[in-house]
Amino acid sequence: MTPGASSSASPPRSPNSPTRTRPMFTHWRKSSKSLHNPEQCVEVATARGKYGIRDSKNPDTGMLILNRYQWAEFLNAAKHGRYNP
């Protein structure tokens, strides 16, 4: 350690640190398909060019975060029935 340096100093954050790259989603919208089928509820939010998808019945269990290209691919697949039960 360099003389005069504090041992309690935090290491520099990585550019990929979750606190720097994880968007803060604040306005969640429920899918229109979920309104008619409450057993399969999905909510979506956008922030800083990212899209968050979560289960509206269990919002604290995590989310899927997609960039705009992944979001477009996801929507295309959903529209073509890829995720139908």
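Each reported figure results from applying straightforward, stated rules to the coordinates on display, with no laboratory input. In this text the structure is predicted, and so the values were computed from the model without any measurement. Here the Cβ positions follow ideal geometry from the backbone for every residue, glycine too, while neighbour counts run over all protein chains shown.
Taken over the stretch 48-78, the criterion of being within 19 Å of N37 (Cβ to Cβ), in contact (Cβ under 8 Å) with a residue 12 or more places away in the chain and not hydrophobic (A, V, I, L, M, F, W, C) is satisfied by R54, D55, S56, K57, P59.
Candidates D60, D55: the one that is surrounded by fewer than 16 Cβ atoms within 10 Å (Cβ to Cβ) and within 18 Å of M24 (Cα to Cα) is D60.
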